[in-house]
Amino acid sequence: MAELKEFIIKGLILDPVNNSPIVILQDKDETVVLPIWVGIFEANAIALEMEHIETPRPMTHDLIRSLLSALSTEVQKIVVCDLRENTYYAEIYIRSGNKTVVVDSRPSDALAVALRTGARIFVVDEVIQKSRLYSITDQREWSEEELKKWLENLTPEDMGKYEM
């Protein structure tokens, strides 16, 4: 079984080069940062939930939460499970009774669902290694401006552009 490391959504920022949204995941130990580029609509769904903004009608991820609840199921966890050709892959683990179903998902959708359901977020250790992550040497909170500067100083050789 793959080794998993728990992460939280640290923030949502814009790529300073092309203005693409980036979800910043950080491990619970605050030693690893994982940036995942996402689409504008998914970023909006994540931002609305992070800011606790209610919409007049349910958004797609709210509908998913409502469907899962109506079917008496729960999201156990989401796992960023692979990185192939600069594309991240995720799975949503859903429990129904004593059965667990694993559903393929884009990481952005899985993260939006995790925020709405309170599910824990994990990343497979191999994905962490593949993504050539950077350690945070000081154990302090990063401001949005510090994260932007960190991303601006990365070169294409350091990270590459990860697609949705």
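The values are calculated or read from the model by the stated rules, or taken from the named source; none is laboratory data. This structure is a prediction, so every number in the text was calculated from the model and none was measured. A quick note on method: Cβ atoms are made from the backbone with ideal geometry, for glycine too, and the neighbour counts reach across all protein chains shown.
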Residues in the stretch 59-73 that are under 15 Å from LEU115 (Cα atoms), loosely packed, with under 15 Cβ neighbours inside 10 Å and not β-branched (Val, Ile, Thr): how many? 3
Is it the case, given these coordinates, that LEU34 is within 19 Å of GLY118 (Cα to Cα), among the hydrophobic types (A, V, I, L, M, F, W, C) and surrounded by 15 or more Cβ atoms within 10 Å (Cβ to Cβ)? no
Under 6 Å between Cβ atoms, which residue pairs at least 6 apart in sequence (or on different chains) link something in the stretch 56-69 that is free of Cβ contacts under 8 Å to residues at least 60 places away in the same chain with a partner that is among the aliphatic types (A, V, I, L, M)? MET59/ALA45; HIS61/ALA45; HIS61/ALA112; HIS61/VAL113; ILE64/VAL113
Among (1) more than 18 Å from ILE128 (Cα to Cα); (2) in contact with an Asp or Glu (Cβ under 6 Å, 6 or more places away or on another chain), the one test that GLU3 misses: (1)
Would you pick out the residues in the stretch 94-134 that are among the aromatic types (Phe, Trp, Tyr) and either buried (at least 20 other Cβ atoms within 10 Å of the Cβ) or modelled with pLDDT of 95 or more (or both)? PHE122
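Within the group GLU49, GLU3, which residue is among the acidic types (Asp, Glu), in contact (Cβ under 8 Å) with a residue 24 or more places away in the chain and farther than 15 Å from VAL124 by Cα? Don't jump to the end; show me each part of the working.
Working: GLU3 fails: farther than 15 Å from VAL124 by Cα.
GLU49 is the lone residue from the list that is among the acidic types (Asp, Glu), in contact (Cβ under 8 Å) with a residue 24 or more places away in the chain and farther than 15 Å from VAL124 by Cα.
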